[in-house]
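Notes follow the structure.
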Amino acid sequence: MIGYIESVINGILMGSIYGLTAVGLTLIFGVMKVVNFAHGSILMVGMFAAYWFITLTGVNPYLALVVVVPLLYFFGYYMQKIVIKPIFEAEKHVREPITVIIVTTGIWYVLDNLALLVFGAEFRVAQTSVTGKMVEVAEMYFPLAKIIGTGITLLLGVYLYWFLKHSRMGKAVRATSLDREAATLMGIKQSRIYNIVFGMGCACCGVAACVLVPFYYVYPTVGVPFDIKAFVIVVLGGLGSIPGAILGGVIIGIIETVGAQFMAATWTEMLIYAFFLVVLFVKPSGLFGLRQDY
């Protein structure tokens, strides 16, 4: 019984980090109504930035947040402004520009192959002050890095909730998400909001990167498995819902760890997608999603 409880708690810890990787993706979709296929590659960029910062300076791994998060915010801000904005302007009468998917897929391949060219294919592990450390609670053991990561996830979720609900910029973001034309008529500059939101989505990847580096391998295609899980989590939790993304990640994490007690890893993946399909069949908008009629 202790083993099962330990598996569930470890699933919650890892699942919250999965949710953290999906928060940026759901934020971008909730406002811009487009899917960023380069999301995993941006996470990879953040992990390499965190890895090299920690390795070269030897500082506490979570101090890398001070460098990596602003770096990825501006990376996303200018990627939206320079690469994606012209597509929105060319397809301004289309609610969900399909061309953006093609462009972000191209960015995905460019970033992954550029990282492969520069850093090589080897796997790297950052040796930090929390790497390999465990916390014992009632004869159960939990990785310290994942506990800290769960705490950071909750803090980020609370901050984003406050930002979107109470700050002036957050209200402008919500207004743009609800009705682009009405928001523009009220004096909200749509392109600026998109730049900021895309930057925030990438900054969330920076937070996830700094949380993952102390216990996860860093390599050029590290973003691919997280990218796939992020898409499942975002749809499962409800497109555009931040609490839904975190809850969806926790559910996926529990299925992974508890399922591994009874079956092989490949069957566990099948169980995740089976649960995903059942939820979509029962509630197509996701757990926290609202039905929208376009």
Gaussian network model of the chain, Cα springs within a sub-10 Å range: biggest mean-square fluctuation belongs to which of 100, 59, 213? 59
If exposed means trypsin sites (Lys or Arg not before Pro) lying in a DSSP loop and surrounded by at most 15 other beta carbons within 10 Å, then the longest stretch of the chain lacking such sites spans residues 190-290
Once all protein chains are kept in place, residue 181 shows an accessible area at probe 1.4 Å, nearest 10 Å², of 120 Å²
Between the Cα axis of helix 190-212 and the main Cα principal axis of the chain, the angle (0 to 90°, nearest 10) is 10 degrees
Mind checking which of 245, 90, 115 has the largest fluctuation in a GNM of the chain, springs on alpha carbons under 10 Å? 90
Accessible area of the stretch 2-293 divided out per residue, in Å², using a probe of 1.4 angstrom: 47 Å²
Which percent of the accessible area of the chain is formed by carbon and sulfur heavy atoms (probe 1.4 angstrom)? 71 percent
Excluding ligands and nucleic acids, what accessible area in Å² is computed for residue 257 using a 1.4 Å probe, to the nearest 10? 40 Å²
Among 207, 137, 66, whose mean-square fluctuation peaks in a Gaussian network model of the chain (Cα, cutoff 10 Å)? 137
Which value, in Å² rounded to 10, gives the accessible area of residue 89 with a 1.4 Å probe and all protein chains present? 110 Å²
Holding the Cα-Cα limit at 26 Å, pick out from 33/171; 229/283; 81/146; 133/165; 189/229 the pairs that are longer than that. 81/146; 133/165; 189/229
Could you check the simple spin-label distance between residue 162 and residue 117, using points 7 Å along Cα→Cβ, in nm with one decimal? 4.3 nm
Based on DSSP H runs of at least 4 residues, each adding -39500 (n - 2.57), what is the mean residue ellipticity at 222 nm of the chain after dividing by all its residues, to the nearest 500 deg cm²/dmol? -23500 deg cm²/dmol
Give the long-range amide H neighbours of residue 287: residues separated by 5 or more places, or on another chain, with amide H under 5 Å away, using H modelled in the peptide plane at 1.01 Å from N. 237, 238
Under the 0.36 nm per residue contour assumption, what length would be gained going from the current alpha-carbon distance of residue 260 and residue 184 to full extension? 22.4 nm
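The values are calculated or read from the model by the stated rules, or taken from the named source; none is laboratory data. Note that the coordinates shown come from a computational prediction; the quantities given were computed from them, not determined experimentally. FYI the Cβ positions are ideal-geometry reconstructions off the backbone, even for glycines, and counts take in every protein chain you see. We work out accessible area using only protein heavy atoms, side chains counted, and drop any ligands, DNA or RNA first. Shrake-Rupley method; radii C 1.70, N 1.55, O 1.52, S 1.80 Å.
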